[in-house]
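Asker: I have a structure I would like to understand better, so I am pasting it below and will then ask my questions one at a time.
The values are calculated or read from the model by the stated rules, or taken from the named source; none is laboratory data. Model, not experiment: these values are computed from the prediction. No Cβ is skipped: glycine too gets one built from the backbone with ideal geometry, and neighbour counts run over all protein chains shown. For accessibility, only protein heavy atoms count, side chains too; no ligands or nucleic acids. Shrake-Rupley method; radii C 1.70, N 1.55, O 1.52, S 1.80 Å.
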Amino acid sequence: MKNNFNLKDFFNSFRVRIAVLVLLVGVVPCTVFVVSFSSLYEKQAVNSDVTDLVSKGQVLNKQIISSGYLNQRDSELVDNQLEVLSGNLSGRIMVIDNTLTIIKDTYNADEGKTIIWGNVVSTFQNKTTSVYDDDNDYLVVTVPIKADGDDDVQGVLVMNKTMSYIDTNLEYFQSLSIILCLILYILMLVLALFSSDYFTKPFRKFCSVIEDVENGVSQDVVVVDDFTETADVSNRMNSLLNRMRVVDESRQEFVSNVSHELKTPLTSMKVLADSLNGQEDVPVELYREFMQDIGEEIERETKIINDLLSMVKMDKAAATLNIAPVNMNELIELILKRLKPIAEKQHVELVFESFRPVTAEIDEVKFTLAITNLVENGIKYNQEGGWVHVSLNSDHQYCYIKVEDSGMGIPEDSLDHIFERFYRVDKSHSREIGGTGLGLAITKSAISMHKGDIKVHSVEGEGTMFDVRLPLNYIAKEVR
Ligand code: ADP
C-alpha cells in the first residue's frame, strides 16, 4: 500500500475530478451571473430612463410650443408641469431658447444665463442626446423644442434625473446574492463530496475484490452492480475468475496425477527390491526375474517422463511452431513404415489409402507425433488379426485424415474424456500395454496448434475412428 501523498496522483484521481467538475458546474455559472447582472441591470435601467425622459420631454415640448412659452414665458400650466416633473425626477429641468439663454430653471439658479454645452448645440441640430454620469449618479437628457412636422428647432429642454436608486438597488441585490451564493457554494461542496464518493464507490469495491483474490481469500462472485457499466465489468471479472479457478483446479489435478503416475513404477520397484532384500539365499533365477520386472518399470517411468516432456513442449510451442509446406502422403507413409514392426508384432494389418496428393503447411515434428499416437493406439487397442486403416483426402481448404481400427472400441461414456491428460478407459489394461494416458492429450494439443480439429467415433467391440481436419494453409491468427 502506498501512503506517500503524491500531488499528481491526487489530481489524477477520479474522485477529485468529479468533485472539481461538480463545483465548477455549480459555482462558475452562479459567479458569472452575479458579476454580469450588475452591469446589465445598470445599462438596462439607464436605457429605460432615457426612453422615459424623452417621451416626457416630448409631451412638455407640445405644451411649450402651443403656449408660446419660449417667447412670453407666462404659462402657469407649463411652469407647474416643469416643477412637478422636476420634483418627480429629483432633478433639475431647464428650458433654453434659440439664443442659448436659460429661460427657465426649476432650481432657479441660472435663469437668464447663457449655456454653451455640446449636447445643447447638438440638440439644436434636431437630435435628442443623453449622458449618464456614473460617478455622480445622474442622467441628463436633452430634447429639441419644435413644432410638430417642423425641423426648425426653437429651443432645448434639458432634463436631469438623479439615478442613486440604481446603486441602492444594486447594493441590495449584491448583499442578497452574496448570501445566496454562499448557500449555493456550500450546497455544491456537499454535493461534490457526496457525488465523488458515490461515483467512486464501485472502484473501491473492485479494489477490495482484487485484493481478496490477490490474498487468496475465496471470492466466488463479484457483484458491483451500482451502474450498468460496473455490472458489465463485474460479469467479465466473474468469468475471468471462473477461468482462473478452472485453470488452477486443472493444474492441481495435473500435478497430483503426475505425482501419482510417477510414483506407481517407483512403488513397484521398491516392492520388488524389498522382497529380494528380505530373503536370504535368493536363487539367481528369481533375481533375474525381479531385475527384469524392475527394468520394465524403469522403462515405463521413462515413457511417462518422455510423454510429459512432449506435452510440456506442446504447451509452450504455440509461439515456436516450425511451419513449412509438407507432402502429407509421404509423411503418413513414413509414419506407417516406422510403426509397421509394432503392428506386425501384434498381428495387425496397416493399410494406407490416399485419395489425392496433398501438401499442407504444418510443423512436421509435432504433427508426426499427433498421427503416430493415433495409429499406435489403433494397433495397441486392437486384437490379433485386426487392422488399422489410415486415409488421406483434401478439398480446396482442408486436409482430412482418418485413422480407423477394428479394435476394442471405446465405451460411450468415456468418449468425452479420452483427450484429457492421464485419462484411460481401462487403467490396468492400458498399463499392461504401456499406456500413459497422455497420448491423445498430446495429439489434440498438436492439432489445435495447427487450428485443426479432431473427432472420435467408436462402437465398443467393433472399432474406433478418429477424424482429423486440418487447414491446408496455416492460419497464424484465428479470425474472431
Ligand atoms: P494411452 O497412453 O493410455 O494410450 P491415450 O491418451 O492415447 O493414452 O488414450 C487414452 C485412452 O483412450 C486409452 O487409455 C484407451 O483406453 C482409449 N483409447 C485411445 N485410442 C483408442 C483406440 N484406438 N481404441 C480403443 N481405445 C482407445
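Asker: From the set of residues in region 353-401 that are aromatic (F, W, Y) and out of contact with any Asp or Glu (no Cβ under 6 Å at 6 or more places or on another chain), which is farthest from K427 (Cα to Cα)?
Answerer: For region 353-401, the residue satisfying everything is F355.
Asker: Looking at region 373-386 only, could you name the residues that are surrounded by 18 or more Cβ atoms within 10 Å (Cβ to Cβ) and either touching a residue at least 60 places away in the same chain (Cβ under 8 Å) or not charged (D, E, K, R) (or both)?
Answerer: Step one: of region 373-386, the residues surrounded by 18 or more Cβ atoms within 10 Å (Cβ to Cβ) are 373-382, 386.
Residues satisfying the conditions are N373, L374, V375, E376, N377, G378, I379, Y381, N382, G386.
Asker: Which condition from (1) more than 16 Å from the ligand (Cβ to nearest atom); (2) open to solvent by 70 Å² or more (accessible area, probe 1.4 Å); (3) within 25 Å of F419 (Cβ to Cβ) is the one that D315 breaks?
Answerer: (1)
Asker: Tell me yes or no: at least one residue of region 63-71 is over 12 Å from G155 (Cα atoms) and either open to solvent by 40 Å² or more (accessible area, probe 1.4 Å) or touching an Asp or Glu at 6+ places or on another chain (Cβ under 7 Å) (or both).
Answerer: yes
Asker: Which residues, counting only those in region 391-409, are near the ligand (Cβ under 6 Å from one of its atoms) and either open to solvent by 20 Å² or more (accessible area, probe 1.4 Å) or over 24 Å from L350 (Cα atoms) (or both)?
Answerer: Passing the criteria: only M408.
Asker: Out of region 196-250, which residues are among the polar types (S, T, N, Q), in a helix (DSSP H, G or I) and without any contact (Cβ under 8 Å) to a residue 60 or more places away in the chain?
Answerer: S208, T228, T230, S234, N235, N238, S239, N242, S250
Asker: Here is a further query. Find the residue count for region 366-389, including only residues that are closer than 21 Å to D453 by Cβ and away from the ligand (no atom under 12 Å from the Cβ).
Answerer: Matching residues across region 366-389 total 4.
Asker: Taking region 332-353 only, how many residues are within 28 Å of A476 (Cβ to Cβ) and either of a type in the set (S, T, N, Q) or within 16 Å of the ligand (Cβ to nearest atom) (or both)?
Answerer: Qualifying residue count for the region: 1.
Asker: Which residue out of R338, R356 is touching a residue at least 24 places away in the same chain (Cβ under 8 Å), outside any helix (DSSP H, G or I) and open to solvent by 50 Å² or more (accessible area, probe 1.4 Å)?
Answerer: Residue meeting the stated conditions: R356.
Asker: Let me spell it out: the conditions are (1) under 24 Å from D307 (Cβ atoms); (2) touching a His at 6+ places or on another chain (Cβ under 7 Å), and V351 meets all of them except one. Which number is the exception?
Answerer: Condition not satisfied by V351: (1).
Asker: In addition: Assuming A446 fulfils every condition listed in (1) within 24 Å of V255 (Cα to Cα); (2) open to solvent by 10 Å² or more (accessible area, probe 1.4 Å); (3) hydrophobic (A, V, I, L, M, F, W, C) apart from one, which condition is it?
Answerer: Failed condition: (2).
Asker: Sticking with this structure for a sec: Scan region 415-438 residue by residue and report those that are modelled with pLDDT of 85 or more and near the ligand (Cβ under 7 Å from one of its atoms).
Answerer: The answer is I418, Y423, R424, V425, G437, L438.
Asker: Scan region 78-129 for residues that are in contact (Cβ under 8 Å) with a residue 60 or more places away in the chain and closer than 13 Å to V156 by Cα and jot them down. Write out each step before concluding.
Answerer: Let us first name the residues in region 78-129 that are in contact (Cβ under 8 Å) with a residue 60 or more places away in the chain, namely 85, 89-96, 128.
Selection gives I93, M94, V95, I96, T128.
Asker: Also: So, in region 439-476, how many residues would count as being β-branched (V, I, T) and away from the ligand (no atom under 13 Å from the Cβ)? Can you show your working first?
Answerer: Applying the first criterion (β-branched (V, I, T)) to region 439-476 yields 442-443, 447, 454, 456, 459, 464, 468, 475.
With away from the ligand (no atom under 13 Å from the Cβ) added as a condition, the list becomes 447, 468, 475.
So the count comes out to 3.
Asker: Which numbered condition trips up Q292, out of (1) in a helix (DSSP H, G or I); (2) surrounded by 13 or more Cβ atoms within 10 Å (Cβ to Cβ)?
Answerer: It is condition (2) that Q292 fails.
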